[in-house]
Amino acid sequence: MGTIPTLTPAARATRALSVILCTRNRADALARCLQRLPTSALAAADGELILVDNGSSDETPALLRRCAEAAACPVSVVTEPRAGLSRARNAGVREAAGQTLVFTDDDCYLGDGYVRTARTVFDEAGFSYCGGRILLYDCSHVRYGLREQTAFEHIPPFSFIPPGQFQGANLVVHRRVFAKIGLFDPRLGAGTPFRCGDLDLVARASRAGFAGAHVPELVVYHHHGRAGEDIRALDAANDYACGAYYAKFLRNGELSYLRGWLAEGLLSRKDLRVTLPKVVREVKGALHFVRTTEAARVETE
């Protein structure tokens, strides 16, 4: 089944909060993101910023250096030359000194009060990971990938985590989760055929006995700039990834993921003209994941 990297036992939290931002060859979006990072609020919250360059060949390295020189909070710039968002995030987690780890994307902006909320979100909260609202930054852009729920929601341990419930654009995880379940699975995530590394991490946390939550006060604005054709391609890629997600947990004997898959797909009461192509893409993704992981297992034997 492959090996998931672990958090080094020597890693210890010496700060309250780490914001981890990974990027690859998106200098224009990154520049806007870096300008809006609340580094003064991070400094006041005993926080730091971890910037991970995932092998960029554009102006990204220079932008990251300038940010590190000018920021009001401590900044670490990390290079992970191997392509893959999960590998980049793992490099960020290994570098981070925060007790609480915040993940966001290079086309997102943290909302007012985000750092203050994240700093204390796990204090006597009864949960160890959470997401929040993801809102559209530019209303002229296509409405996609949003999470607009305004009510708090507690996610009990051992829950089935449906696709879309948590996204890496707005994800907060306590260090104890990584200490128990390991890091992001490098077989998954952007840069692989299966864009579900964040979803997989949260699901593994749930299966390991951690409770989660949706915290609406944690707001991120998504400046994606995509058009309709881009969204259709992204939708298809996400369906393919969901198949890998379901297959991974089914191979581990988690039958709740079969029930969840059916409920999200063929039993969802949605128009079959929409649902059936989606399920076909998911099945193709599941078979691809099983074939590639089985081939990797055989090669190591």
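The values are calculated or read from the model by the stated rules, or taken from the named source; none is laboratory data. Predicted, not measured: the structure shown is a model, and the values here were computed from it. Don't worry about glycine lacking a Cβ; one is built from the backbone with ideal geometry, like all the others, and counts go over all protein chains shown. Each accessible area value is taken on the protein alone, full model and side chains, heavy atoms only, with ligands, DNA and RNA left out. Shrake-Rupley method; radii C 1.70, N 1.55, O 1.52, S 1.80 Å.
When D28, D138 are compared by accessible surface with a 1.4 Å probe, the order from highest to lowest is D28, D138. Taking all Cα-Cα distances within segment 162-301, those exceeding 25 Å account for 32%.
Largest accessible area first, the residues T104, T79 order themselves as T79, T104 under a 1.4 Å probe with ligands, DNA and RNA left out. Phi angles across segment 265-272 convert, under the Karplus curve 6.51 cos²θ - 1.76 cosθ + 1.60 with θ = phi - 60°, into 3J(HN,Hα) values of x, 5, 9, 7, 6, 8, 4, 4 Hz, Gly and Pro given as x. Averaging Cα coordinates gives a centre for segment 170-194 and one for segment 216-252; these two points are 15 Å apart.
Grab the other residues whose beta carbon is less than 12 angstrom from that of V215, score K and R as +1, D and E as -1, and report the net. Please report the intermediate quantities before stating the final value.
Working: positive: R133, R147; negative: E153, E217.
Neighbourhood net charge equals 0.
Once the other residues with Cβ under 13 Å from the Cβ of F158 are scored (Lys, Arg +1; Asp, Glu -1), what is the net sum? For residues surrounding F158, the net value is +1.
Express the Stokes-Einstein translational diffusion coefficient of the chain in µm² s⁻¹, to the nearest whole number, given a Kirkwood radius over alpha-carbon pairs, 20 °C and a viscosity of 1.002 mPa s. For the chosen part, D equals 109 µm²/s.
Using alpha-carbon pairs under 8 Å, 6+ residues apart, how would you state the relative contact order of the chain in percent? Walk me through the numbers on the way to the answer.
Working: 611 pairs, mean separation 60.2, N = 301.
Normalised by residue count, the contact order of the chain is 20 percent.
With the cut-off at under 17 Å, measuring from each backbone N in segment 174-199 to a point 7 Å along the Cα-to-Cβ line of T3 picks out 181-188.
Ordered by solvent-accessible area of protein heavy atoms (1.4 Å probe), largest first, the residues E124, E148, E229 come out as E124, E229, E148. For the chain, the residue among G182, T150, L34 whose Cα projects farthest onto the positive side of the dipole built from Cβ charges is G182. In segment 196-272, inverting the average of 1/r over every pair of distinct C-alpha atoms gives 14.9 Å as the Kirkwood radius.
Could you provide, to the nearest whole Å², the per residue accessible area of the chain with probe 1.4 Å? All intermediate terms of the calculation are to be shown ahead of the outcome.
Working: 13680 Å² over 301 residues.
I get 45 Å² per residue for this part.
H154 exposes around 90 Å² of accessible area when a 1.4 Å probe is run over every protein chain in place. Site pair A208 and R251 shows an inter-label distance of 1.9 nm when each label is modelled 7 Å from Cα along Cα→Cβ. Residues with beta-carbon under 13 Å from that of T8, excluding T8: net charge, scoring Lys, Arg +1 and Asp, Glu -1? Residues near T8 contribute +2 overall. Each peptide in 180-186, 200-206, 157-163 gets a packing score, the mean of other Cβ atoms within 10 Å over its residues, and the list from highest to lowest is 200-206, 180-186, 157-163.
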